[in-house]
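A short reminder: the numbers here are calculations on the coordinates, not readings from a lab. Please read all numbers here as calculations on a predicted model, not as lab measurements. Positions of Cβ are backbone-derived with ideal geometry, glycine not excepted, and every protein chain shown enters the neighbour counts.
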Amino acid sequence: MTDISSMNGVLVTRETIRSFSGDDLVLYLGATPLQPREIVTQIKLFLDRTPGTVQSISLVAPEFRRDLVTNVINCDDFIQLKAGLGALSHEYLFSRNGRLKDVDETQQTGMLTRILTKIVRARHGVLEGSGAVHYAKPSQKHTDQFIRAGNVVVNSVELELIAWGCLPHFKNDVGFVYTDTGAINSVAASVRDLLTGFRGTANFSVDSFGSYQGLDTFAGPTEGSIWLISATTSGSLAQRIVEKQRVTPEQIVCIFSLGVSNRSAVCHLDYHEKHNPQGFKPIRSYPPSDCGLCRAGSIPLWLTDEHFQVSDISVTPYLPTRNDLSKESLGVLNELVGNGVFRVTYQPNLHTERSDIFLDSAPHASQLLSEQTNIPKLANRFRRRVQQSLAAAVNVIVHLDDPASKALASALFSHIKSHGLSPTVIAAHDLPGTKFDASPETVVVVASTVASGTSVIDLSRTLRSISTVKSVSYFVLVDRSATEERARQTQQSVTITEDGHRYDYHVIARLPLPDPSAVTRNAWDDETALLQKLLESPSNDALRAKLEKRRDSLDAAKSEKQRGLQTNLFWPSENDESLMLSPGFVFLPTGFDVSSASQADVYSMIRCLLHSLRTKGKDGREPALRQHPLHRKVLDVGVFYRFNDPALQAAILRAAAPAELDYSYEGTGNQSVNARLLLGRIFKDRKAPAAEFALALAVGRLRITEDDKKQILTEVDALHAPLGAVTMAFLDAWKSR
């Protein structure tokens, strides 16, 4: 602790009681074996560590320690200290009800709140989950932070300060104190010590009711009881106590509260620029069924006992290689890259699909059965499968409702018609109400892309209700199911009938990608939210124009008209150059014309690589980036050196999950330092994707330790060539994060 010292029953801090001056000291005298001279030595040691002017020293203690306060004030060492500082001294004693004499209640509450908030910060009483993990509390709510009072109640004089704040709630008839966790039983014991000092006796028992889990079965007497809660961010436990134990709200005392109005709280930890500048921002909290943190890819750590204990988190870094991508996926990527297939952030259905990658094969689907195509290998496989497996007499072609599937059905219709047949072509959404001229027996279903499998499974149910259908063949151009297991489940669901008959299911290519039906935030969602926040703050006209233009372009990308982004996925370099792929990328064949590869292609290749690392392991081992609550997997910082092309670096920052670039844990070894060194190089290189790195830091997709954060911000301030306005805006947002 820097601005507070608590040892041997004496607490010293820079604080004030009657004003907001930063030049005052508060000296709290607890139960201490120290002599007055030794207490003065404690003050001197504190001032040596935190030099500065001192206008007054306020000595605070309970009335029954009046003699100790007097002895300190009259001590020669204290008199000399005051003279040397040019400071005044004031004596403040509190009575049995906790009130300081001649001090306004608001001033007293403010002073105590600020001191206790300092203690909470110094003792790490508010635990943050980071982007990788968050917490699921005993109340079932998910939160990005939680208050663990057990970290705070470890020092006798600090305990007594908390007990002092509790005094107004302890009337003379209290016989029982019930705590939500045994970790704060010491607070109740400290209250008892204070009361004993005032009136010579205080006989109440102290028991823990075990928080939420124990409340239903707890059966202690309620009359004359105080229910002491360690902390709250919602008020739900206090409400539960009132309902279950039938006590009054006045019998409930909460030590710490944050983000909730609570009259019985000893200390409100909420930030206030003037009244509590070291306070905390509100804690985000979600119901488990609709958790924004889970949707963002964060994993919940369950806090299952009354002490809110979590084990230390171990971290393993991994450095990807070319071999981490399967030959099949690599072959499909090589076929599609450079042909305008990959688009990013398009949302064809805002309710069911929210993938960051959209496969737009519509321009190519109509040519798959002709000789003129830009994707010849895929076309050849499709052509051979049609020649080998298409039924001799097809009555109906049903296609999924997207444009690419419709184009694929049109190509198949032309092929069948060239052989003398003219099947009916129907869109999937029109099938239930269609009246056929003749009862269909043979049906072909075509799909340009299958992801979650929901569309083809729903279609298969509709087809089974048509009693005359005897044969169904499914042709899927690209199966992008997230896992092999998911692809297998889809195939089994549509091909095995109730009577055991099997339909045909043909997949031309497999390219595993994240499931678009799993609603999660992507990097562009995070960017849009940050842009909106920055636009709500004052900025110069030129910067505002850039931010507005970027926000509008991201919004437009989601529309049916634009159908996602192929270029301008990333912010340009500090030289205002677009980030384009350089020759020689290991995932592309030798001699590949990289000028044809869009930024969407680059991003999709990296996304595919990282998805493979999350879902597939080598040689029977666990996937390299599969996360566990207490075992985190991160990308080794060396990935930015191995893939050192600016476009690839930007793609990694966008494609990686927050957990995979979280180097803020102590268990990451040198990863945070290495990330800081990398950032130092990036911010000096005018061709590097500095804005992309700054953005990743600002939205929490890239995290380093606080010490490394301070150092890199200092280095940025000292740069000879200043960074651009957008990059600096992102870094300013990171600074205040």
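Worth pointing out:
- Karplus-derived 3J(HN,Hα), 6.51/-1.76/1.60, for each residue of the stretch 644-650, Hz, glycine and proline x: 8, 5, x, 5, 5, 4, 5
- Exceeding the 32 Å Cα-Cα cut-off - candidates LYS561/LYS684; LYS82/LYS709; LYS618/LYS684; LYS533/LYS687: LYS561/LYS684; LYS82/LYS709; LYS618/LYS684
- Rounded to the nearest 10 degrees, the inclination of helix 185-199 to the longest alpha-carbon principal axis of the chain is 20 degrees.
- Rough spin-label spacing in nm, given labels placed 7 Å along Cα→Cβ, for ARG384 and ILE457: 3.1
- A cysteine counts as unpartnered when no other cysteine's C-beta lies under 4.7 Å of its own; in the chain this applies to CYS75, CYS166, CYS254, CYS267, CYS608.
- Spherically averaged projected area in nm², based on the convex hull that wraps the Cα atoms of the chain: 40.0
- Qualifying GluC sites (Glu not before Pro) in the stretch 540-589, where qualification requires a DSSP coil assignment and no more than 13 other C-beta atoms within 10 Å, comprise GLU560, GLU577.
- Extreme residue, positive dipole direction of the stretch 1-155, given options PRO51, PHE94, ILE119 (C-beta unit charges): ILE119
- Cβ-based charge dipole, the chain, positive-most Cα from LEU408, ASN339, LEU325: LEU408
- Listed by chain and number, the lysines placed with their C-alpha closer than 21 angstrom to that of LYS171 are LYS101; residues fewer than eight positions away on the same chain are left out.
- Working note: 222 nm ellipticity from helices only, DSSP H runs with n ≥ 4, each -39,500 (n - 2.57), summed and divided by the residues of the chain, gives -11000 deg cm²/dmol to the nearest 500.
- Seen against the Cα atoms of the chain and their longest principal axis, helix 156-166 is set at about 90 degrees.
- Listed residue (SER467, GLY453, THR16) projecting farthest to the positive dipole end of the chain, Cβ model: SER467
- The gain in end-to-end length when the ASP102 to THR468 segment is fully stretched comes to 122.4 nm, 0.36 nm per residue minus the alpha carbon separation.
- Between the beta carbons of GLN367 and GLU536, assuming R0 = 51 Å, the FRET efficiency works out to 0.60 to the nearest 0.05.
- Of LYS546/LYS735; LYS118/LYS281; LYS558/LYS710; LYS137/LYS244, pairs whose Cα-Cα distance is over 26 Å: LYS558/LYS710
- Put in line by how crowded their Cβ is, counting other Cβ atoms within 10 Å and starting with the fewest, TYR178, TYR135, TYR318, TYR665 read TYR318, TYR665, TYR135, TYR178.
- Applying both filters, DSSP loop and at most 11 other Cβ atoms within 10 Å, to the trypsin sites (Lys or Arg not before Pro) of the stretch 578-674 gives LYS618, ARG621.
- Shape category assigned to the stretch 126-310 from the gyration tensor of Cα positions, a/c cut at 1.5: prolate
- Only beta bridges with both residues in the chain are counted; by DSSP, about 30 percent of them are antiparallel.
- Anisotropy class of the stretch 206-308 from Cα gyration tensor, a/c 1.5 cut: oblate
- Nearby aspartates and glutamates by direct alpha-carbon distance to LYS633 (threshold 13 angstrom, same-chain neighbours under 8 apart not counted): GLU622, GLU660, ASP662
- Contour excess over end-to-end distance, with Cα ends at GLN80 and ALA545 and 0.36 nm allotted per residue: 161.3 nm
- Derived value for the stretch 4-94: Kirkwood hydrodynamic radius 12.9 Å. Basis is the mean of 1/r over every pair of different alpha-carbon atoms.
- Take every Cα pair under 8 Å whose residues are at least 6 apart in sequence, average their separation, divide by the length of the chain, and the relative contact order is 10 percent.
- Per residue, the convex hull volume that the Cα atoms of the stretch 357-510 enclose (Å³): 107
- Under 12 Å from the Cα of LYS141 - aspartates and glutamates, other chains or at least 8 residues apart: ASP290
- Fraction of antiparallel bridges per DSSP, the stretch 126-310 only, in percent to nearest 5: 30
- Highest mean packing comes first when the peptides 687-693, 507-513, 221-227 are listed by Cβ atoms within 10 Å, giving 687-693, 507-513, 221-227.
- As a proxy for reagent exposure, ranking LEU325, LEU11, LEU625 by other Cβ atoms within 10 Å from fewest up yields LEU325, LEU625, LEU11.
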